[in-house]
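Read the figures in this text as sums done on the coordinates, not as results from a lab. It should be emphasised that the depicted structure is a prediction, and the values quoted were computed from it without experimental measurement. FYI the Cβ positions are ideal-geometry reconstructions off the backbone, even for glycines, and counts take in every protein chain you see.
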Amino acid sequence: MTRTPQHTPIACVENQNQASRLVPVAPFDIAVFGATGDLAMRKLLPALFHRWRDGQIQPGCKIIGVARARLDRAGFIKSVKDHYRAFFPDEKLADAEWDAFAALLHYCQLDVVSADADWSCLEDLLAGDEDKIRVFYLALPPGIYGAVTANIGRHGLNTKNARLVLEKPIGHDLASARAINDAVGQVFPERAIFRIDHYLGKETVQNLLILRFTNSIFEPLWNANVVDHVQITVAESVGAGNRASYYDTSGALRDMVQNHILQLLCLVAMEPPNDFGADTIRDEKIKVLRALRPVSPGNAASLSVRGQYGPGAIDGKAVPGYVEELGHPSDTETYTALKVFIDNWRWSGVPFYVRTGKRMARRRSEIVIQFKRVAHALTPPEAGHLHPARLVIRLQPDEGVKLLLMTKDPGPGGMRLRYVPLNLSYADTFCAGYPDAYERVLMGVVRNDLGLFMRRDEVEAAWAWIDGILQAWRTDEMACQLYPAGTDGPIAGAMLIDRDGREWFDGL
Ligand code: BG6
């Protein structure tokens, strides 16, 4: 089992009642389009290897790399292995184990966009059992999703158990997302389209539903009466790097907020679903998306911030700024912070402050539910500052849930208070480790677990709101504020929340 927490558990206790069970998935074939690209080599093929190594993928499955690169099967297998070694230097790779996995790998050199390319390699590999689950994973730029899917249809490969997996971003605005959804919908029914947001595959993200809806203590507190505000931070220390040319057409708002951050916000804010069915949950999420208060010209500067990293240092090492990496001037934001309101009964007046950025001081994804201060302080001022109770849900790294509370410091010396956490650390609690998000979503496709994926209306509702922000930024000519790489973002990001008499919570 791939262990996500990297350090050795110090006191974890195996769950005696329910040992984790690896249930093999049904036999399937998967064609990874864009198989020589970064996503396939860094995430998808290793994820399939890990699931196979743990016994979840059965012999008889075919993993077919499809790309334009002039490679034969042996060359593709070698490339997959070389990349695996580079990306997972700490994983032991036994020859026999690798050779057995390699037996599942195939390669077709094919220009999947071209209407008159010869698809016989793929057709032959997929031929045989028409009922077998067949997955087409498009690890490709979204601009060609429509053309490629039309070609899948033209070659009659969309059999009744065929599934189409689309990587994010689905388009770059509402109109392009609709065009893609219309085009792929001509070939695959909505129930066979799996739109990836890999954040939904993270254990800690799935746990949001369990935390909220299987512990009765939270629901009475989860509303505007008790919650002061919510913070969502997704900070990365990496820069745009070799993805800079894609990233420059996207920026932090499209790359992170439209999908990952809005999904987190939905899971925090949604009403309890009637059950954990895929559509029941997605029905609740979309209500949140539709209740987001629009950001419009005139209020964009008070509700949002755009930033871009300049040269700086990460872990004491000098790193270039974004435009130096890119090689030309750019006003693309590598950081954004937003003050979001959800106009519904539960959250009326409660701000959700969200921020994300590249080249920030440290990698950290975290949700903070900050509760209101007590109505009347009973302790004398010399006892110490009273902090509000906070529920801190750490998605990565050091996954865990902390409830921060005021406590009396024990011992003599009068009334002294301390702010301390009740701490559920994943690494210390769960011995078994768990698969990476891509492993989970890939198995989710085969299992037909649509709840792990975004439905068409969700993607479009998210774009509709994001389009409003982009339009407001353009109209108000909001430029990026520079921040040195290796810091917490521009000063304007701190001011966004500071103006309201609040502050970003950056740990104890
Ligand atoms: C991707 C974004 O969707 O998520 C990247 O395109 C980002 O820019 C990545 O780095 C972050 O994912 P994770 O799982 O490392 O938090």
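Structure notes:
- Charge dipole magnitude, Cβ of K and R +1, D and E -1 - region 263-401, Cα centre, debye nearest 20: 260
- Among 251-258, 446-453, 457-464, the order from most to least packed when residues are scored by Cβ within 10 Å on average: 251-258, 457-464, 446-453
- The chain, helix-only ellipticity at 222 nm - DSSP H runs n ≥ 4, -39,500 (n - 2.57), divided by all residues, nearest 500: -8500 deg cm²/dmol
- Exposure proxy order (Cβ contacts within 10 Å, fewest to most) of 108, 61: 61, 108
- Ratio Rg/Rh, restricted to region 269-371 and using Cα atoms, in which Rh is the Kirkwood radius: 1.08
- Here the ratio of the Cα radius of gyration of region 156-198 to 2.2 N^0.38 Å is 1.17.
- Alpha-carbon geometry of region 149-305: the Rg and the Dmax are 18.4, 57 Å, given in that order.
- Averaging Cα coordinates gives a centre for region 452-494 and one for region 109-166; these two points are 34 Å apart.
- Mean separation of Cα contacts under 8 Å (6+ apart) over length of the chain, as relative contact order %: 21
- Taking the Kirkwood radius as Rh and the Cα radius of gyration as Rg, region 122-213 has a ratio of Rg/Rh equal to 1.05.
- Reachable lysines from residue 43, criterion Cα separation under 23 angstrom, eight or more residues apart if same chain: 62, 78, 81, 92, 168, 202, 358
- Positive-end extreme of charge dipole, region 166-252 - chosen from 174, 186, 213 (charges on Cβ): 186
- Simple spin-label estimate for residue 318 and residue 159 in nanometres, 7 Å along Cα-Cβ: 5.9
- The Cα-based radius of gyration of the chain, divided by its Kirkwood radius, gives an Rg/Rh of 0.98.
- At full extension, residue 242 and residue 116 could sit 42.2 nm farther apart than now, given 0.36 nm per residue minus the alpha carbon distance.
- Protection-proxy order for peptides 316-328, 390-402, each taking the mean of Cβ atoms within 10 Å per residue, highest first: 390-402, 316-328
- Cα lying deepest toward the dipole's positive end in the chain, options 292, 378, 76, charges on Cβ: 378
- Note on the chain: with charges restricted to the Cβ of Lys and Arg (+1) and Asp and Glu (-1), its dipole about the Cα centre is near 740 debye.
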